[in-house]
Every structure is written in C-alpha cells, then in structure tokens.
1. Taking the criterion of being closer than 19 Å to Asp5 by Cα, of a type outside the set (Asp, Glu) and at pLDDT 85 or above, would at least one residue in segment 64-76 satisfy it?
2. Is there any pair with a first residue in segment 53-65 that is within 18 Å of His90 (Cβ to Cβ) and a second that is outside any loop (DSSP other than H, G, I, E, B) and of a type outside the set (A, V, I, L, M) whose Cβ atoms are under 6 Å apart and which are 6 or more apart or on different chains, and what are they?
3. Being over 22 Å from Asp5 (Cβ atoms), at pLDDT below 85, outside the structural domain of Leu7 (by TED's automatic domain parsing) and hydroxyl-bearing (Ser, Thr, Tyr) is the requirement here; does Thr101 meet it?
4. Regarding segment 36-43, can at least one residue be identified that is aromatic (Phe, Trp, Tyr) and either touching a Cys at 6+ places or on another chain (Cβ under 8 Å) or more than 26 Å from Glu86 (Cα to Cα) (or both)?
5. At pLDDT 85 or above, surrounded by 13 or more Cβ atoms within 10 Å (Cβ to Cβ) and assigned to a helix (DSSP H, G or I): is that true of Ile30 in this structure?
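The values are calculated or read from the model by the stated rules, or taken from the named source; none is laboratory data. All of these numbers come straight from a predicted model, not from anything done at the bench. Every residue, glycine as well, gets a Cβ built from its backbone with ideal geometry; the counts of neighbours run over all protein chains shown.
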Amino acid sequence: MGENDILEKIRTYMKLQNWTLYRLAKESEIPYTSLHSMFEKNTQPTLPTLRKICSGLGISLSDFFADDLHPVSPNKYTEDELELLEMYRHLSAKDKKLLLTLCRRLPPLCRDGKDDKNI
C-alpha cells in the first residue's frame, strides 16, 4: 500500500462515516492543521498518527490494512450489539474513553455475559 493508497483509504473511511477532515481531527485528537497539511502535501502519516486516525475512526490498524472496508460482519452480532457499535462510532473521543472506562469497571461476570438475570 503506497502513500496515496493510505490517504485514499482514510478519505474512504471518512466518506463512509460522512465525516469532514475537521471531524476526523477532533475524533482522532490530532490538530486539524496537521491533518490538512498531510492531505495537502500528499504525505504519508507516521505510524503513531495513523494509530490515532484509526482510533478516531473506531477501527484497528489491522482493519485499516484489510482489503475489506467493512471488517465487522453484521451476521456475527446481535441487533443490540450493532446498535451499541453505531452509537460508539458517533461519540467524541473523550466520550469513547469515558464509556470504555465505565465498561472496564463492570463486574467481570457482567462483562462475560454470565450474569444476565438483571437484564
């Protein structure tokens, strides 16, 4: 995958989520001017920058480099799980961190799905 391929793939993910460069900058916690410059000068992002971009987009680096733009198959998840994923993708980076912190504090049995009696 070349320089242009990486920038094009970032653009494609932005289009899929209907995001502007400003939104990507905000979600990725990267200054807008840095992203704008990267696209204007057609330069390849560093690995740390690409990690932040992927995190902002709600995908992993392996998802990014996979041939498929939709690494999550809808057939593998329940409607509730898909709804949670969709809501998560629209959260700000700060709210994503907050939600992950909250989820990590849940009792281990609840995270394993073994304690469903209270649902």
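1. There is at least one residue in segment 64-76 that is closer than 19 Å to Asp5 by Cα, of a type outside the set (Asp, Glu) and at pLDDT 85 or above.
2. Ile53/Ser28; Cys54/Phe64; Gly56/Glu27; Gly56/Ser28; Leu57/Tyr13; Gly58/Arg89
3. Taking the combined requirement at face value, the residue does not satisfy it.
4. Looking for residues that are aromatic (Phe, Trp, Tyr) and either touching a Cys at 6+ places or on another chain (Cβ under 8 Å) or more than 26 Å from Glu86 (Cα to Cα) (or both), one finds at least one in segment 36-43, hence yes.
5. On the way: at pLDDT 85 or above: yes; surrounded by 13 or more Cβ atoms within 10 Å (Cβ to Cβ): yes; assigned to a helix (DSSP H, G or I): no.
The answer is no for Ile30.
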